[in-house]
1. How many angstrom separate the Cα center of segment 176-231 from the Cα center of segment 107-133?
2. Which residues among segment 59-84 fall inside the zone where the amide N is under 19 Å from a point 7 Å beyond the Cα of residue 216, along Cα→Cβ?
3. How many Å² of accessible area per residue for segment 93-132, probe 1.4 Å?
4. State, to one decimal in nm, how far the label point of residue 179 lies from the label point of residue 196, with both points 7 Å from Cα in the Cβ direction.
5. Taking all pairs of different Cα atoms in the chain, averaging 1/r and flipping that mean, what Kirkwood radius in angstroms comes out?
6. Any idea what diffusion coefficient segment 87-126 gets from Stokes-Einstein, in µm²/s, Kirkwood Rh on alpha carbon pairs, 10 °C, 1.306 mPa s?
7. How do 41-48, 74-81, 137-144, 161-168 rank on mean C-beta neighbours within 10 Å, highest first?
8. Find how much the distance from residue 23 to residue 68 grows on full extension, using 0.36 nm per residue of separation minus their present alpha carbon separation; answer in nm with one decimal.
Amino acid sequence: MNDLHAKDNIVTRSVKVETSVLRRNDQAALANRQLLTERGIVALNLISSPGSGKTTLLEVTLVRMRERGKRCAVIVGDQQTDLDAQRLYGKGAPVRQIETVSSCHLDAQRVGDVLPEVIDDQTELLFIENVGNLICPAAFNLGEDFKVVLLSVTEGEDKPIKYPVVFSRAKVVLITKCDLIPHIEFDRDKCLRYLRQVNPGAVIFELSAKTGTGFEQWIGYLAELGRQDER
Ligand SMILES: Nc1nc2c(ncn2[C@@H]2O[C@H](COP(=O)(O)OP(=O)(O)OP(=O)(O)O)[C@@H](O)[C@H]2O)c(=O)[nH]1
Ligand SMILES: [Mg+2]
């Protein structure tokens, strides 16, 4: 009986701690949101498993957006190293790396700390590359306008139904590394069916950063963001 009470107590305490962490995060997310809204900046939170192609996508996207005269900024999170930031420097956008060290996701406070360093009056689009992880980043609002979830074809078509929370919260889903489809077993129709099952309204792009397939549509979509307010 005592054991049961002890376990109940631990469960109650861990729920309380989690709730307060998320509440604190939500307050910081609101502050980020207010700053971004005041500046008219559209912010995208990029989430995927490690290695799905987030940084590679940004390498190509930043260059294409610069060609279109669209001003971008990037915040990138990893547990350790600034390797991703190094890859993104010199592509026409200010970049700041956050090392989360013991945390498996970015949180709104950390993003808020560096936000004023990357945006200015001209910034139109902010990309936030989250730590590679399909579970934890889904729970932490960063103040973004919407989430973009990447799924590379080498991960398998079943990921949307295995990790439904993150896929259901995405406005946009990018199926990446499509150039590899001829070399692997990837059931595209099944993948799209699973995606529709968990998120019927998701905007889906099928891309290859290596061949450029699908990038016209993706870049065209990004270029239109924020324009609705200008009309
Ligand atoms: N064939 C192919 N490889 C790709 C493509 N996009 C990315 N890759 C490769 O996939 C690997 C991982 O890509 P990254 O862009 O570093 O992935 P990431 O999601 O940023 O990884 P983390 O930041 O560690 O989570 C690299 O070796 C890329 O060259 C693609 O479209 N086609
Ligand atoms: Mg990366």
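1. One Cα centre to the other: 23 Å.
2. Of the residues in segment 59-84, 60-69 have backbone N under 19 Å from the label point off residue 216.
3. Values: 1530 Å² over 40 residues.
Result: 38 Å² of accessible area for each residue.
4. Label at residue 179, label at residue 196, 2.9 nm between them.
5. Details: mean 1/r = 0.0539 Å⁻¹.
With all distinct Cα pairs of the chain included, I get 18.6 Å.
6. 137
7. Details: 41-48: 24.2, 74-81: 19.6, 137-144: 22.4, 161-168: 17.2.
Taking the mean over residues of other Cβ atoms within 10 Å, the ranking is 41-48, 137-144, 74-81, 161-168.
8. This chain segment gains 12.3 nm when fully extended.
The values are calculated or read from the model by the stated rules, or taken from the named source; none is laboratory data. Just so you know, these numbers come straight off a predicted model, no measurement behind them. Every residue, glycine as well, gets a Cβ built from its backbone with ideal geometry; the counts of neighbours run over all protein chains shown. Protein only, heavy atoms only, side chains kept; ligands, DNA and RNA dropped before computing areas. Shrake-Rupley method; radii C 1.70, N 1.55, O 1.52, S 1.80 Å.
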